[in-house]
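Peer 1: The structure follows.
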Amino acid sequence: MIQTKVSPWVAKEFLEFSQGDVVLKEGLLELDLHMDLSKNKTVVSRQYCKAPLLTQKALYYDSNNPSMAYLFLMSSSGGVLQGDRYQIKISLAKNSVCNITTQGATRIYKMESDYASQNVEIDLAEKSYLEFLPDQIIPYAKSRYCQQIILRKTEDSTAIYSEIISPGRAARGELFDYEICYLKFIAQDISGNTLFVDSSRLKPGESKFGDAIMGQNSVLGTLYALVPKNSLDVMTSLIQAALDNSGMLCSFSNLPGDCGILVRLLSSSAEDTKSLILDIVRIVRKCILGSELHELRKT
């Protein structure tokens, strides 16, 4: 057996689970993208991966955005296991445009000891544009998962990031049987100054969890849209209209310093949550790129 490492950034309450020996699996994925003017396409200029994390070559199937690279983050593992420590680093150079999603849901398996963590670092250069839209996180019974996203960007770049948290394997009756799911998002300017920090700490075992956090709902969705300030007013009114017409329990607010918009969604369906998130992404893309977004391909 191998002694696991404790992630230096991990939430303090995870430290109590880090005692003992479990098999350590450190996945790593690094991606650098830039705009190739000779091809008028955003291309992957550097890629490094360490199992189980990997990605395939960039796809260009969007006739509305022929220069946009579409990438799928994949895993050779069936899901996230105890002791897993994942590191993902993504860098977009000037004027690059990219959509990143996952091959499917992120499944967090049962853990006898320890926990699993994922740290994602994203850097956006001038006038770059990123849509990072993973499928839902599904925490299985007795799982513990800690995730941190650090995004650094210039004022004129755009980043959209979304999270959908399901209650578990509903078909097996696992509803909120996980121990803890902790998600942290940190946005910084290009110099490393903090723009805002947002954390979600979901711990179903606490008595206040159901009524105070989820109510009668089972799925939590979050979307961060960090955009240039001159696009914010038009975007805000369009997003407000989309949320009002959704029939879903939702709200949004401007982020500190008017660096973007935060949207929260509560529902009983991951698919409905994903659909509304894509509607908001369509609005942002139209405002920033002036183009349409159709359904994302998964095959």
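The values are calculated or read from the model by the stated rules, or taken from the named source; none is laboratory data. Treat the numbers as computed from the prediction; the structure is a model and nothing was measured. Cβ placement follows ideal geometry from the backbone for every residue including glycine, while neighbour counts extend to all protein chains displayed. SASA here: full protein model, heavy atoms, side chains in, ligands and nucleic acids out. Shrake-Rupley method; radii C 1.70, N 1.55, O 1.52, S 1.80 Å.
Peer 1: Could you put Cys98, Cys287 in order of accessible surface area, largest first, with the 1.4 Å probe and the full protein assembly present?
Peer 2: Numbers: Cys98 0, Cys287 45 Å².
Ranked from most to least accessible, the order is Cys287, Cys98.
Peer 1: How much accessible area per residue does region 117-186 have, counting only protein heavy atoms and a probe of 1.4 Å, in square angstrom? Don't jump to the answer; show the numbers that get you there.
Peer 2: Working: 2030 Å² over 70 residues.
I get 29 Å² per residue for region 117-186.
Peer 1: Hey, what's region 9-112 come to in accessible area per residue, 1.4 Å probe, Å²? Show your work: numbers first, answer last.
Peer 2: On the way: 4910 Å² over 104 residues.
Averaged over the residues of region 9-112, the accessible area is 47 Å².
Peer 1: For Ser275 and Arg201, compute 0.36 nm times the residue count separating them, minus their Cα-Cα distance, and round to one decimal in nm.
Peer 2: My answer for the length gained is 24.2 nm.
Peer 1: Could you list which residues have their amide H under 5 Å from that of Ser45, counting only those 5 or more apart in sequence or on another chain, with H placed in the peptide plane?
Peer 2: Long-range HN contacts for Ser45: Asp32, Leu33, His34.
Peer 1: Relative contact order for the chain: what is it in percent, counting Cα pairs under 8 Å that are at least 6 residues apart? Mind dumping the intermediate values first?
Peer 2: Values: 720 pairs, mean separation 36.3, N = 299.
Normalised by residue count, the contact order of the chain is 12 percent.
Peer 1: For region 121-196, which whole-number percentage of the solvent-accessible area (1.4 Å probe, protein heavy atoms only) is attributable to carbon and sulfur atoms? Walk me through the numbers on the way to the answer.
Peer 2: On the way: 1140 of 2540 Å².
Answer for region 121-196 is 45 percent, counting heavy atoms of protein chains only.
Peer 1: Heavy atoms of the protein only, probe of 1.4 Å, neighbouring chains included. What is the accessible area of Ser291 in Å², nearest 10?
Peer 2: 10 Å²
Peer 1: Follow-up question, since we're still on this one. How far is it, in nm, from the label point at Asn64 to the one at Gln188 when both lie 7 Å from their Cα along the line to the Cβ?
Peer 2: In this crude spin-label approximation the distance works out to 3.4 nm.
Peer 1: As I understand it, the dipole of the chain uses +1 on the Cβ of Lys and Arg and -1 on the Cβ of Asp and Glu, about the Cα centre. Which of Gln47, Ser67, Trp9 lies farthest toward its positive end?
Peer 2: Gln47
Peer 1: Find the centroid of the Cα atoms in region 139-196 and in region 249-299, then give the distance between the two in whole Å.
Peer 2: With region 139-196 and region 249-299 each reduced to a Cα centre, they are spaced 15 Å.
Peer 1: Ok, one more. Let's test the formula: R0 of 35 Å, r as the Cβ-Cβ distance of Arg297 and Ser38. What FRET efficiency results, to the nearest 0.05?
Peer 2: 0.85
Peer 1: Shifting gears a bit: Taking amide H positions as placed in the peptide plane 1.01 Å from N, state which residues far from Leu255 in sequence (5 or more) or on other chains have amide H under 5 Å from it.
Peer 2: Gly260, Ile261, Leu262
Peer 1: Also, quick follow-up: Just to verify a number: what accessible area does Ser76 come out at with the full protein assembly present, 1.4 Å probe, Å² rounded to tens?
Peer 2: Near enough 90 Å² of accessible area.
Peer 1: While we're looking at this one, here's another question. If you take every residue apart from Thr222 with its C-beta less than 10 Å away from the C-beta of Thr222, what net charge results, scoring Lys and Arg +1 and Asp and Glu -1?
Peer 2: -1
Peer 1: Picking from Gly205, Asn245, Val234, whose Cα lies most toward the positive end of the charge dipole for region 195-299 (charges on Cβ: Lys, Arg +1; Asp, Glu -1)?
Peer 2: Sorting the options by dipole projection puts first Gly205.
Peer 1: Let me ask you something else. Take the residue pairs Lys89/Lys184; Lys12/Lys110; Lys25/Lys153; Lys39/Lys229; Lys50/Lys274 and return only those whose Cα atoms are more than 27 Å apart.
Peer 2: Lys25/Lys153; Lys39/Lys229; Lys50/Lys274
Peer 1: To continue, here is another question. Apply the Debye scattering formula to region 169-232, with a single equal point scatterer on each alpha-carbon and no solvent, then give log10 I(q)/I(0) at q = 0.11, 0.15, 0.24 Å⁻¹.
Peer 2: Here log10 of I(q) over I(0) equals -0.42, -0.66, -1.11.
Peer 1: Let me ask you something else. Give a residue-ordered list of calculated ³J(HN,Hα) values for region 129-135 (Karplus: 6.51 cos²θ - 1.76 cosθ + 1.60, θ = phi - 60°; whole Hz; x for Gly, Pro).
Peer 2: Couplings: 9, 10, 10, 10, 10, x, 5 Hz.
Peer 1: A further question on this structure: When the solvent-accessible surface of protein heavy atoms is calculated with a 1.4 angstrom probe, in what order do Tyr48, Tyr140, Tyr60, Tyr182 fall, highest first?
Peer 2: Tyr48, Tyr60, Tyr182, Tyr140
Peer 1: Another question, then. What list of ³J(HN,Hα) values in whole Hz, one per residue of region 99-116 in order, does the Karplus curve 6.51 cos²θ - 1.76 cosθ + 1.60 (θ = phi - 60°) give from phi, with Gly and Pro shown as x?
Peer 2: Computed from phi, the couplings for region 99-116 are 10, 10, 9, 10, 5, x, 5, 8, 9, 9, 7, 3, 10, 6, 8, 6, 7, 10 Hz.
Peer 1: Before rounding to the nearest 500, sum -39500 (n - 2.57) across all DSSP H runs of length at least 4 in the chain and divide by the residue total; then give [θ] at 222 nm in deg cm²/dmol.
Peer 2: Details: 2 runs with 33 residues, N = 299.
Calculated from helices alone, the mean residue ellipticity at 222 nm is -3500 deg cm²/dmol.
Peer 1: Taking amide H positions as placed 1.01 Å from N in the peptide plane, with prolines and chain starts having none, which residues 5 or more places from Gln188, or on another chain, fall under 5 Å of its amide H?
Peer 2: Leu151, Arg152, Lys153, Leu195
Peer 1: For region 41-50, what does the Karplus curve 6.51 cos²θ - 1.76 cosθ + 1.60, with θ = phi - 60°, yield as ³J(HN,Hα) per residue in whole Hz, taken in order and with x for Gly and Pro?
Peer 2: Running phi through 6.51 cos²θ - 1.76 cosθ + 1.60 with θ = phi - 60° gives 9, 7, 10, 7, 8, 8, 9, 9, 9, 10 Hz.
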